[in-house]
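Visitor: The structure under discussion is supplied below as structure tokens; questions concerning it will follow.
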Amino acid sequence: MRLEKNFEVDRPPELASRIAARDETLLSLFADAKTEIVEREGNRRTTRTHYHALGREGVATFHFHCLPDGRISFEKVCDGNIWQELTGTVVFAKRGAGTQVTLKMVGRTKSLVPEFAIRSPMRDQIEQMASSLRASMEAAEAPKAD
């Protein structure tokens, strides 16, 4: 399963990337659930989210990597009953005076979980994540001139 969401913000790519990499932005990606950063190691932050989905409560762990080129990659620790693999990226590209932000997720469900059963919740998830990223970038103050 592949999902992608694009949006534009009135910020340069470098600033948009720095805002997206902030702890508070990463924590806001899962707005309907309690999320905390449980580990920091180099350019990697690990989050743990307590959620309720598909009639179940669970805990999801994600590793977010802030890459030197400004991209953010992430992967879910697939220790539950649904995902065999779930990864993603956030890419920032200059678009006029602003930035086009592209959020991509790619995943494979476990053999007994049909993709059509999870597609709608995942669409909702990528929409929520994109909305949160956009709101964080638009709300952040622009750097002051020296």
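The values are calculated or read from the model by the stated rules, or taken from the named source; none is laboratory data. If you're wondering where the values come from, they're calculated on a predicted model, not measured in any experiment. Please note: Cβ atoms are built from the backbone with ideal geometry, for glycine as well, and neighbour counts cover all protein chains shown. Remember, those area values only see protein heavy atoms, side chains included, never the ligands or the DNA or RNA. Shrake-Rupley method; radii C 1.70, N 1.55, O 1.52, S 1.80 Å.
Visitor: Go over the candidates Ala53, Ala135, Ala139 one by one and state the one that is at pLDDT 90 or above and open to solvent by less than 60 Å² (accessible area, probe 1.4 Å).
Guide: Of Ala53, Ala135, Ala139, the one residue that is at pLDDT 90 or above and open to solvent by less than 60 Å² (accessible area, probe 1.4 Å) is Ala135.
Visitor: Looking at the structure I just gave you, is Leu67 hydrophobic (A, V, I, L, M, F, W, C), exposed (fewer than 15 other Cβ atoms within 10 Å of the Cβ) and within 17 Å of Arg22 (Cβ to Cβ)?
Guide: The answer is yes for Leu67.
Visitor: Specify which of the listed residues (Val106, Val59, Val77, Val38) is touching a strand residue (DSSP E or B) at 6+ places or on another chain (Cβ under 8 Å), surrounded by fewer than 16 Cβ atoms within 10 Å (Cβ to Cβ) and closer than 16 Å to Met1 by Cα. Show your work before the answer.
Guide: Working: Val59 fails: closer than 16 Å to Met1 by Cα; Val77 fails: closer than 16 Å to Met1 by Cα; Val38 fails: closer than 16 Å to Met1 by Cα.
Just a single option satisfies the conditions, and that option is Val106.
Visitor: To continue, here is another question. Answer yes if at least one residue in region 85-101 is open to solvent by 60 Å² or more (accessible area, probe 1.4 Å), farther than 16 Å from Val9 by Cβ and modelled with pLDDT under 95, and no otherwise. Explain how you work it out, then say what you get.
Guide: First, pick out the residues of region 85-101 that are open to solvent by 60 Å² or more (accessible area, probe 1.4 Å): 85, 94-97.
Those still in the list that are farther than 16 Å from Val9 by Cβ too: 85.
Checking which are modelled with pLDDT under 95 leaves us with none.
No, region 85-101 has no match at all.
Visitor: Continuing with this model, one more query. Mind listing whichever residues of region 109-121 are open to solvent by less than 30 Å² (accessible area, probe 1.4 Å) and at pLDDT below 90?
Guide: Within region 109-121, just Ile118 meets the criteria.
Visitor: Right, another one. Look through region 14-30, keep the residues that are open to solvent by 70 Å² or more (accessible area, probe 1.4 Å) and not acidic (Asp, Glu), and return whichever of them is farthest from Lys94 (Cα to Cα). Give the derivation first.
Guide: So in region 14-30, the residues open to solvent by 70 Å² or more (accessible area, probe 1.4 Å) come out as 14, 18, 22, 24.
Pick out the ones that are also not acidic (Asp, Glu) and you get 18, 22.
Details: Arg18: 14, Arg22: 20 Å.
That would be Arg22.
Visitor: Applying the selection to region 94-134, what residues are among the polar types (S, T, N, Q) and either touching a His at 6+ places or on another chain (Cβ under 8 Å) or part of a helix (DSSP H, G or I) (or both)?
Guide: Residues satisfying the conditions are Ser120, Gln125, Gln128, Ser131, Ser132.
Visitor: Using the structure shown, decide if Val9 is free of Cβ contacts under 8 Å to residues at least 24 places away in the same chain and at negative phi.
Guide: So Val9 fails the test.
Visitor: Conditions: (1) in contact with an Asp or Glu (Cβ under 8 Å, 6 or more places away or on another chain); (2) at pLDDT 95 or above; (3) among the hydrophobic types (A, V, I, L, M, F, W, C); (4) under 17 Å from Leu3 (Cβ atoms). Ile72 meets all but one. Number of the miss?
Guide: (1)
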